[in-house]
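Asks: Input: one structure, supplied below.
The values are calculated or read from the model by the stated rules, or taken from the named source; none is laboratory data. Every value quoted in this text rests on a predicted model; they were computed, and no experiment measured them. Virtual Cβ from ideal backbone geometry, glycine too; neighbours counted across all protein chains shown. Remember, those area values only see protein heavy atoms, side chains included, never the ligands or the DNA or RNA. Shrake-Rupley method; radii C 1.70, N 1.55, O 1.52, S 1.80 Å.
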Amino acid sequence: MEARHSEEKEGKGQHPPPESKKAEAAWDVQLESVRANIRKDLRRFDVLLGARQESLRRKESLLGVLVPGQPSDRKRLASSSSHNSPRDPLRRVAGSIGSAVNHAVSIAKARSVRIEEQESRLPSVEVTPMVRINLAAQLKNLKPAQIHAMLMGYILEEKKLHLPSVYGLMGTSVPPNTELKASIFIRWMENAIGDTLPSYLLRIIFEYDAQSPKGMEYQLQLSSLYPSIANTYASVVDGRHGYPGAATNRGASQFIQAVFTEDVFPTKVILSQPRFGLYAEQGWPTEGNYLHANMVIEVPKSQEEYDADSKSCRWITVGNVRSDLELANGAIEVPLNVPAGCAKVFRLWNSDRSLNTYVVTGTFEFE
């Protein structure tokens, strides 16, 4: 009897009543719902905190170059989690999350207070040439999408919208990149020597040398690619005259060209005959003089014409290649006479487009 009673007790322990199972299942559902909400809320908080941190960094960076005496060190707040941990692990985790959130918010508030103090000094900052240069440098580091979103947010959300400033920003014409470079140069000169020289003289100085393409990277393009030759920008500007290099296949209207991202005004281009390395192994030197008098450097008659149809646009000769221009180091320096406004694309090819010929050079550098 006792054994049977014991078995019944054990059986009851092993098989909980249906009501208990339903309650446990309901608890599981509720806990999963709570966990999902916690994960969602924490992700949302992390995104908001990251955006806030990025905004504070940007403000501190701006104030650091605009407001004198901006401190570079950031005060770190001590953790306030010195209370006794609850015994319940779930409550302990919840308490840790709460402490972390409060700690992050307190740090952001402390940084905001310091930033607001620096912002209050902005109206008294003199707008010097260096201030303009620093502002331009900060703006250059931002992505276009960020600038667009910030301007939209300012227009839609700012309580005190300064319409003259917004109008001045959005109503002005978009300056070309060369104009921006000229403005930066003029501001640097004004910062260095004051206003002793008028702006038009500073612009003449800038235009004299500022648009030289020396060292400026361009996109190398070929009408066709001769097998095994590197045919890359790096291979034609490495200073190894006579080594590969770039080369096209044999055919009519073959070319090698440099495409810059902006107008440049070089005074010469440096080429070199195919003589060494893989050129020698493939037999190029034995075939004769490739950079002869029929080879020319040309630019499009207009950039608009080239952009519309590069195959049918008209070309202007700005340099004549001659082997007698070769120097002792193997470089062929071809003088260029480039007209203003036609100098993003420079093409090396044969003046007689109908001839079947190779176009090849070990060097393609502009100065």
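Asks: Kindly report, to the nearest 10 Å², the accessible surface of Tyr243 as traced by a 1.4 Å probe over protein heavy atoms only.
Replies: Probe radius 1.4 Å; accessible area of Tyr243 about 80 Å².
Asks: In whole Hz and in residue order, list the ³J(HN,Hα) couplings for region 142-147 that follow from phi through the Karplus curve 6.51 cos²θ - 1.76 cosθ + 1.60, θ = phi - 60°; x for Gly and Pro.
Replies: Working through the residues one at a time gives 8, 7, x, 5, 5, 4 Hz.
Asks: Using a Cα-Cα cut-off of under 26 Å, which lysines could be cross-linked to Lys109, ignoring same-chain neighbours fewer than 8 residues away?
Replies: Lys40, Lys59, Lys75, Lys159, Lys160
Asks: Expressed as a rounded percentage, what relative contact order does region 198-349 have, with Cα pairs under 8 Å and six or more residues apart? Present the calculation step by step, with values, prior to reporting the outcome.
Replies: Working: 270 pairs, mean separation 38.7, N = 152.
So the answer I get is 25 percent.
Asks: By its C-alpha gyration tensor, with a ≥ b ≥ c as the square roots of the eigenvalues, how is region 161-312 shaped: rounded for a/c under 1.5, else prolate for a/b larger than b/c, else oblate?
Replies: On the way: a/c = 3.05, a/b = 2.15, b/c = 1.42.
It is prolate, given that a/c is not under 1.5 and a/b is the larger ratio.
Asks: Let me check something: with ligands and nucleic acids excluded, how do Thr196, Thr128 order by accessible area (1.4 Å probe), largest to smallest?
Replies: Details: Thr196 100, Thr128 40 Å².
The most accessible residue leads, giving Thr196, Thr128.
Asks: For Gln221, what is the net charge nearby, where nearby means another residue's Cβ is under 15 Å from its Cβ and Lys, Arg count +1, Asp, Glu -1? Intermediate results must be reported in sequence, preceding the final value.
Replies: Numbers: positive: Lys311, Lys344, Arg347; negative: Glu217, Glu298, Asp307.
Result for the local shell: 0.
Asks: Need one value: the accessible area of Glu365 in square angstrom, 1.4 angstrom probe, rounded to the nearest 10.
Replies: The accessible area comes out at roughly 40 Å².
Asks: Same structure again: Order the peptides 267-276, 143-152 from the highest to the lowest mean number of other Cβ atoms within 10 Å of their residues.
Replies: Details: 267-276: 21.8, 143-152: 10.6.
Per-residue mean Cβ counts within 10 Å order the peptides as 267-276, 143-152.
Asks: Probe of 1.4 angstrom, ligands and nucleic acids ignored: what's the accessible area per residue over region 188-276, in square angstrom?
Replies: Details: 4660 Å² over 89 residues.
Computed with neighbouring chains in place, this is 52 Å² per residue.
Asks: Counting C-alpha atoms alone, how compact is region 237-367: give Rg to one decimal and Dmax as a whole number, in angstrom.
Replies: 14.3, 42
Asks: Still on this model: So which GluC sites (Glu not before Pro) in region 185-234 are both in a DSSP loop and have at most 16 other Cβ atoms within 10 Å of their Cβ? Each step should come with its number before you reach the end.
Replies: Details: sites: Glu190, Glu207, Glu217; in loops: Glu217.
Of the GluC sites (Glu not before Pro), the ones in loops of region 185-234 whose Cβ has at most 16 other Cβ atoms within 10 Å are Glu217.
Asks: What is the local net charge at Arg240, summed over the other residues whose Cβ is closer than 13 Å to its Cβ (Lys, Arg +1; Asp, Glu -1)?
Replies: Values: positive: Arg275; negative: Asp238, Glu365.
That works out to -1.
Asks: Shifting gears a bit: As a test of reading the structure, rank Lys21, Lys344 by solvent-accessible area (1.4 Å probe, protein chains only), most first.
Replies: Values: Lys21 120, Lys344 60 Å².
If we order Lys21, Lys344 from most to least accessible, we get Lys21, Lys344.
Asks: Over the Cα atoms of region 236-299, what Rg and Dmax result, in angstrom?
Replies: According to the Cα coordinates of region 236-299, Rg and Dmax are 13.2, 39 Å.
Asks: Something else about it: FRET efficiency for Ala25 and Phe45, Cβ-Cβ distance as r, R0 = 30 Å, nearest 0.05?
Replies: Working: r = 30 Å, r/R0 = 1.01.
Efficiency at R0 = 30 Å is approximately 0.50.
Asks: Here's something else I'd like to know. Distance from the Cα centre of region 183-261 to that of region 297-320, in angstrom?
Replies: Between the Cα centre of region 183-261 and that of region 297-320, the gap is 17 Å.
Asks: Carbon and sulfur atoms: what percent of the 1.4 Å accessible area of region 169-322 do they account for?
Replies: Numbers: 4470 of 8490 Å².
Of the solvent-accessible surface of region 169-322, carbon and sulfur hold 53 percent.
Asks: Just read off the accessible area of Ser183 with the full protein assembly in place, 1.4 Å probe, to the nearest 10 Å².
Replies: Accessible area, nearest 10 Å²: 50 Å².
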